[in-house]
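What follows is a set of notes on a single structure, which appears directly below.
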Amino acid sequence: MSMQPPPGGYGPGTPPPWPAPPPRRPLWPWLVGGALLVAVLAAVAALIIVLTRSSDPGPGDPVAASPSASTVTVTATPPGSAAPQPQTSAPAAPSGFPTDGTLKVGVDIDPGEYAIRPTSSVGGYWERLSCLTGDFACIIANSVVQGTGYVTILPGDVALRIEDLELTATGNPAPAPPARPAPTTPVSGDTDAQGFVGVPAARCNHTNPAVVIGRTTASLVVVCETGAGRYYYKGVRPEDGAAIEIDDPAPSGDGFAATNAGVQYRISPSSLVITEGSTLLAEEPMLQYWSR
């Protein structure tokens with residue numbers, strides 16, 4: 001006879017067919033550990049931020065410039081306005097005079113006293129000029145300079161030519177020209193203080209006074225002075241009307257010498273001598289001569 005289990009389960013004393021589930025582990029250790037880990041990470045991040053900020057210069061802290069780089073200051077520009085351009089220093093303008101060349105008086109250089117110093121080990125050179133034709137007669141005075149010295153440019157000079165010389169103005173003015181004697185009576189009734197009356201080719205321009213008036217056996221000549229203390233020569237041959245005018249004749253002895261295209265006209269109380277190099281072209285005895 002088989003036995004049936006009692007209704008509702010196993011009988012007394014019969015063990016269950018599977019083990020009972022283990023008890024549930026509490027969650028609070030995990031929660032506490034996670035909170036501690038988050039707190040540690042937050043503290044480390046805050047420490048890094050503090051150290052980083054402390055190494056950056058503040059608004060009032062000096063900034064050391066790199067010795068190999070220049071410091072550039074940038075100014076904020078409002079929207080829509082042009083960006084400011086970097087400020088650069090303009091190069092210093094050249095001062096003084098060139099050490100070589102021809103300086104025109106009143107244009108490139110003023111009359112007065114100048115200190116001179118050679119820029120070459122072999123020395124320098126200067127010459128004051130009464131004309132710019134390149135002829136030897138244009139040289140008023142000249143000098144080779146081995147050390148420091150001075151040169152004075154007069155108001156009547158046309159130019160100063162220099163080679164390997166440094167010029168520095170001393171501020172001392174040029175000496176006043178000597179007073180000229182009062183003009184005497186011209187040579188004849190057909191002349192006045194400007195030359196030959198009614199002969200434009202042998203008469204000074206406008207109000208320029210004559211300093212020399214001469215009549216030779218074949219020519220009428222006159223040397224005129226401008227208001228700037230410069231001279232010009234005018235001559236005419238009455239026989240055929242041939243005339244010439246030459247700028248910047250130079251005082252020569254007791255008269256003047258004017259040069260044009262290699263031909264020189266030398267006027268003196270005794271004669272008018274015309275030469276080309278060593279060739280004598282004409283020698284006209286002076287019949288009448290007047291000088292101021």
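The values are calculated or read from the model by the stated rules, or taken from the named source; none is laboratory data. Please read these numbers as outputs of a predicted model, since none were measured by experiment. Cβ: placed from backbone, ideal geometry, glycine included. Neighbour counts: every protein chain shown.
Please specify each residue of the stretch 264-280 satisfying the condition of being surrounded by fewer than 16 Cβ atoms within 10 Å (Cβ to Cβ) and more than 18 Å from V211 (Cα to Cα). Spell out the reasoning first.
Taking the stretch 264-280 as the starting set, the residues that turn out to be surrounded by fewer than 16 Cβ atoms within 10 Å (Cβ to Cβ) are 269-270, 276-280.
If the condition is that a residue be surrounded by fewer than 16 Cβ atoms within 10 Å (Cβ to Cβ) and more than 18 Å from V211 (Cα to Cα), then E276, G277, S278, T279, L280 are the ones that fit.
Filter the stretch 137-162 for residues that are surrounded by fewer than 16 Cβ atoms within 10 Å (Cβ to Cβ) and among the hydrophobic types (A, V, I, L, M, F, W, C); which is farthest from E276 (Cα to Cα)? I'd like the intermediate steps shown before the answer.
First, pick out the residues of the stretch 137-162 that are surrounded by fewer than 16 Cβ atoms within 10 Å (Cβ to Cβ): 139, 141-144, 146-150.
From what is left, the residues that are among the hydrophobic types (A, V, I, L, M, F, W, C) are 139, 141, 144.
Values: I139: 18, A141: 23, V144: 29 Å.
The selected residue is V144.
Being without any contact (Cβ under 8 Å) to a residue 40 or more places away in the chain, under 41 Å from the mean Cα position of the chain (by Cα) and surrounded by fewer than 20 Cβ atoms within 10 Å (Cβ to Cβ): is that true of E283 here?
The answer is no for E283.
For A261, work out the one condition from (1) small (G, A, S); (2) exposed (fewer than 15 other Cβ atoms within 10 Å of the Cβ); (3) more than 15 Å from L281 (Cα to Cα) it doesn't fulfil.
Result: A261 fails condition (3) only.
Quick one: T217 ticks every box in (1) within 17 Å of C138 (Cα to Cα); (2) β-branched (V, I, T); (3) touching a residue at least 60 places away in the same chain (Cβ under 8 Å) except a single one, so which number is it?
Looking at each condition in turn, T217 falls short on (1).
Is it true that some residue in the stretch 236-252 is touching a Pro at 6+ places or on another chain (Cβ under 6 Å) and part of a strand (DSSP E or B)?
No, every residue in the stretch 236-252 fails to be touching a Pro at 6+ places or on another chain (Cβ under 6 Å) and part of a strand (DSSP E or B).
Enumerate the strands (runs of 3 or more DSSP E) found wholly within the stretch 99-170, keeping only those where 2 or more residues are under 25 Å from the mean Cα position of the chain (by Cα).
By residue number, 101-104, 112-118, 124-129, 149-153, 159-163, 165-169.
Return the residues of the stretch 145-199 that are modelled with pLDDT of 70 or more, over 18 Å from R230 (Cβ atoms) and β-branched (V, I, T); say none if nothing qualifies.
V145, T148, V151, I162, T168, T170, T191, V197, V199
Name the residue, out of A159, A115, A169, that is aliphatic (A, V, I, L, M) and out of contact with any Phe, Trp or Tyr (no Cβ under 7 Å at 6 or more places or on another chain).
After applying the criteria, what remains is A159.
Out of the stretch 202-242, which residues are among the small types (G, A, S) and either surrounded by fewer than 16 Cβ atoms within 10 Å (Cβ to Cβ) or touching a Leu at 6+ places or on another chain (Cβ under 8 Å) (or both)?
Of everything in the stretch 202-242, those that are among the small types (G, A, S) and either surrounded by fewer than 16 Cβ atoms within 10 Å (Cβ to Cβ) or touching a Leu at 6+ places or on another chain (Cβ under 8 Å) (or both) turn out to be A202, G214, A218, S219, G227, A228, G229, G235, G241, A242.
For the stretch 108-134: of the residues being among the hydroxyl-bearing types (S, T, Y) and closer than 20 Å to R230 by Cα, which is surrounded by the most Cβ atoms within 10 Å (Cβ to Cβ)?
Applying the filter and picking the extreme gives S130.
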